[in-house]
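**Q** Just dropping this structure here.
The values are calculated or read from the model by the stated rules, or taken from the named source; none is laboratory data. This structure is a prediction, so every number in the text was calculated from the model and none was measured. Here the Cβ is made from the backbone with ideal geometry for all residues, glycine too, and neighbour counts use every protein chain on show.
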Amino acid sequence: MQIALTGTPGTGKTTIAGLLPYRVIDINALVKGGMNFGKDPERGCLEADMDALANYLAKLDPDETLILEGHFSHHFVDMAIVLRLAPSLLRSRLVARGYSASKIKENLEAEALDVILVEAVELCGQVDEIDTTGKSPLQVAEIVEEIVRGDLRLPPGQVDWLNEFFG
Ligand code: ADP
Ligand code: MG
């Protein structure tokens, strides 16, 4: 079984994946490692070779529980867990990362408007979302494990960041 751990950059995917008792496939590392079409001239980041990634993932052991970690990992599987974070806190994390003002704005808007959640719902049969706001990495990892084991469901609708802006 392959499960996507997805979410807007900065929501904690890499941190949480590292705390799980499952093998993790780092989608960004695969892209950097060659599954790309070179740099996107407009955005300055590598353009992922989605077909190469899908082919690679299709060859992995279907009986092993694998966590696909990355902000477009939900494109490859039927089950996704979306990490969410209040935009005010996400902002501080992206500033700490040294992102440009425009990249911060783009990512905060994406988080506020549920962009990755909506994509996951369109692409995957089972989607859960975790509001990580105020939770420690270990607490979030515990919730992810419960969902993976089938002991917990957190269907879309756990957060409403628009209230933070307009409420
Ligand atoms: P992503 O992989 O989604 O881009 P990271 O795992 O790199 O996000 O996390 C971004 C930053 O936020 C890191 O500095 C990490 O230590 C911190 N972080 C992640 N999860 C939490 C959490 N639950 N509580 C506090 N800080 C966190
Ligand atoms: Mg990461």
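**Q** Tell me which of these Y56 doesn't satisfy, since it passes every other one: (1) away from ligand 2 (no atom under 13 Å from the Cβ); (2) assigned to a loop (DSSP other than H, G, I, E, B).
**A** That leaves (2) as the condition not met.
**Q** What tally of residues in the stretch 59-86 results from selecting those that are of a type outside the set (G, A, S), part of a loop (DSSP other than H, G, I, E, B) and within 15 Å of ligand 2 (Cβ to nearest atom)?
**A** 3
**Q** Sticking with this one: For residues in the stretch 132-146 being exposed (fewer than 15 other Cβ atoms within 10 Å of the Cβ), in a helix (DSSP H, G or I) and within 8 Å of ligand 1 (Cβ to nearest atom), which is nearest to the chain's Cα centre (by Cα)?
**A** Ranking the candidates gives P137 first.
**Q** List the pairs whose first member sits in the stretch 10-30 and is surrounded by fewer than 22 Cβ atoms within 10 Å (Cβ to Cβ), whose second member is among the acidic types (D, E) and in a helix (DSSP H, G or I), and whose Cβ atoms are under 8 Å apart, counting only residues at least 6 apart or on separate chains?
**A** Between residues of the stretch 10-30 that are surrounded by fewer than 22 Cβ atoms within 10 Å (Cβ to Cβ) and residues that are among the acidic types (D, E) and in a helix (DSSP H, G or I), the close pairs are L20/E145; P21/E145.
**Q** Run P41 past the list (1) free of Cβ contacts under 8 Å to residues at least 24 places away in the same chain; (2) surrounded by fewer than 16 Cβ atoms within 10 Å (Cβ to Cβ); (3) not in a loop (DSSP other than H, G, I, E, B) and report the number of the one that doesn't hold.
**A** So P41 meets the others, but not (3).
**Q** Might you let me know whether the stretch 48-66 holds any residue that is touching a helix residue (DSSP H, G or I) at 6+ places or on another chain (Cβ under 8 Å), modelled with pLDDT of 95 or more, more than 20 Å from L117 (Cβ to Cβ) and among the polar types (S, T, N, Q)?
**A** yes
**Q** How do the pairs read when you match residues in the stretch 140-156 that are in contact (Cβ under 8 Å) with a residue 12 or more places away in the chain and within 13 Å of L83 (Cβ to Cβ) with residues anywhere that are assigned to a loop (DSSP other than H, G, I, E, B) and of a type in the set (S, T, N, Q), using Cβ under 7 Å and keeping only pairs 6 or more apart or on different chains?
**A** Partner pairs satisfying both residue conditions: V140/T132.
**Q** Sticking with this one: Name the single residue that is surrounded by the most Cβ atoms within 10 Å (Cβ to Cβ) among those in the stretch 106-131 being among the small types (G, A, S) and assigned to a helix (DSSP H, G or I).
**A** Here the residue is A120.
Rundown of residues vs (1) more than 12 Å from ligand 1 (Cβ to nearest atom); (2) touching a residue at least 60 places away in the same chain (Cβ under 8 Å); (3) buried (at least 17 other Cβ atoms within 10 Å of the Cβ), yes/no style:
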| position | (1), (2), (3) |
| --- | --- |
| D61 | yes, no, no |
| V82 | no, yes, yes |
| L94 | no, yes, yes |
| I104 | yes, no, yes |
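**Q** Also: In this structure, is A52 more than 29 Å from Q158 (Cβ to Cβ) and free of Cβ contacts under 8 Å to residues at least 12 places away in the same chain?
**A** No; evaluated as a whole, the condition is false for this residue.
**Q** List the number of the failed condition for G98; all other conditions in (1) crowded, with 16+ Cβ neighbours inside 10 Å; (2) more than 18 Å from R149 (Cα to Cα); (3) within 14 Å of ligand 1 (Cβ to nearest atom) hold.
**A** Condition not satisfied by G98: (1).
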